[in-house]
Amino acid sequence: MLFRKIKGVRIEGNKQMSRCAPLRDYLDPPVVSIPLLQGMSVLKPAVEVGANVKIGDIIAYREGFGAMPIHASIAGKVTAIKKVWHASGRMVEAVEIENDHSGALSDSIQPEKNPDGLDKEALIQKMIDAGLSGLGGAGFPTYIKYQTKCPIDTVIINAIECEPYLTCDFLMSIKYPEKLVKGLHYFMKAAGAEKGVIAYKAYNQAVEDAVKPYLERFPEITTFPLKDVYPAGWEKYVTEAVTGKTYPKLPSQVGVIVNNAGTAIAYADMVENNIPLIARNITITGEGITNPQNFYVPFGIKVAELVALCGGYQEGLDPKYAWYIAGGPMTGKAILIDDLVVNDTLGAVIVIPTPKEKLHPECLGCGKCADACPAFLTPTEIKRAYDMKDETAIRNLQADKCIACGLCSYVCPSHIEITDAVVKARDSLKKGA
Ligand code: SF4
Ligand code: SF4
């Protein structure tokens, strides 16, 4: 196969707004509503209204592919099972828990006597028992990656956080460098891998400085700075940059597993203290937020509560002229956020006032979208094929290779939402398959 180096584009980061705000724990909200949806899987509740739960008690199960339990993120009483807004842009059922502020922990949360004595099987079982899913945005059950039949020689921790505006992974990495390194160490044992690599953006030298003292114990772990381009955090990009290898479908095909930095930190807590996945880091930012900040919060907390902690919306913000984005600006979803709750995939909420002047909706045929596409696609042709419902052309144009990175829309001088069209074309192939 002809080797083609993946392209990346330098884009305005806008990270300065929240980068200097420390990662703030906010773990004791009055109420949480934990969504009963993970990826495409609807979860089955394991508690009834009126039940009392402790932090870490099982409250639901994901069944079928990726089966695993989901846990209470605060202690208190289950007061309802009701619909809330989810990061996917859908309303989904959620388990509402009213906080009793006791901080009571589930009996299962106990220090592990000998974490270094755990073998591969036990380490993978920890991922299942703890309900570990990737915190990088996809929410994929982590243990599935580790049950691969492919031999794995390298585990890469993705601390790159390439989307503009987002800073909570960076802050998490420099706040918990020891856990980051230990999480990677346990991942390597679970994979049977000899090498571990922490990949970060070169300008985030603070990540390297923070982890360095902990690497002395683990000489098989190294760091790897990447240049500041988008989408440097895409699995394929980071795998190619670190190992020089490219793969057709999954990194495991070239002996690699990639995990997000926050996932590694959570895993260290699981292995050493049996703490399930119940919380995550999130950035609340954008020109429409008074005082952008980063938080570490329990799943199910209302985003509106975090916006209030940031001093609310900028004075004079006109909701008619603002984007409310759940996730990063390149791959997130536009959504009304007042009833949105935090789940495993939600790493940011961004509020951006939009220009009021009229945009140019017509395509200029400039080809910038194709030039920028890291998957080497021609978005305008895919859009044309989709508009004409020409499935053969969509297939021939390889729309299935789109990673929904949003770059084609980002670079378009006419501000055409070309990503939407390509993603719809891609998904139409899945439906027709
Ligand atoms: S969204 Fe899809 S088509 Fe657009 S640049 Fe990214 S990969 Fe290419
Ligand atoms: S970047 Fe925008 S204007 Fe240029 S070809 Fe692509 S869709 Fe058309």
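The values are calculated or read from the model by the stated rules, or taken from the named source; none is laboratory data. This structure is a prediction, so every number in the text was calculated from the model and none was measured. Cβ atoms come from the backbone with ideal geometry, glycine included; neighbour counts cover every protein chain shown. The area values use the complete protein model at the heavy-atom level, side chains included, leaving out ligands, DNA and RNA. Shrake-Rupley method; radii C 1.70, N 1.55, O 1.52, S 1.80 Å.
Listing for the model above:
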read-out: Lone qualifier among V238, V211 - being outside any strand (DSSP E or B), under 12 Å from I156 (Cβ atoms) and either open to solvent by less than 10 Å² (accessible area, probe 1.4 Å) or away from ligand 1 (no atom under 16 Å from the Cβ) (or both); value: V238
read-out: Qualifying strands (runs of 3 or more DSSP E) (wholly inside the range 48-166; at least 3 residues being more than 19 Å from H185 (Cβ to Cβ) and among the aliphatic types (A, V, I, L, M)); value: 58-62, 76-85, 91-99
read-out: Matching option when the condition is assigned by TED's automatic domain parsing to the domain that holds Y410, surrounded by 13 or more Cβ atoms within 10 Å (Cβ to Cβ), among the aliphatic types (A, V, I, L, M) and at pLDDT below 90, among A372, A322; value: A372
read-out: Qualifying residue in the range 381-390 (condition: among the hydroxyl-bearing types (S, T, Y), at pLDDT 90 or above, in contact with an Asp or Glu (Cβ under 8 Å, 6 or more places away or on another chain) and within 15 Å of ligand 1 (Cβ to nearest atom)); value: no
read-out: Residue count for the range 19-36, restricted to those that are modelled with pLDDT of 95 or more and either aliphatic (A, V, I, L, M) or open to solvent by less than 20 Å² (accessible area, probe 1.4 Å) (or both); value: 9
read-out: Residue selected from the range 375-400 under the condition under 24 Å from R10 (Cα atoms) and out of contact with any Cys (no Cβ under 9 Å at 6 or more places or on another chain), by the criterion least open to solvent (accessible area, probe 1.4 Å); value: A399
read-out: Qualifying residue in the range 127-138 (condition: more than 21 Å from the chain's Cα centre (by Cα), of a type in the set (A, V, I, L, M) and modelled with pLDDT of 95 or more); value: no
read-out: Among (1) open to solvent by less than 10 Å² (accessible area, probe 1.4 Å); (2) over 17 Å from V271 (Cα atoms); (3) out of contact with any helix residue (DSSP H, G or I) (no Cβ under 7 Å at 6 or more places or on another chain), the one test that I160 misses; value: (3)
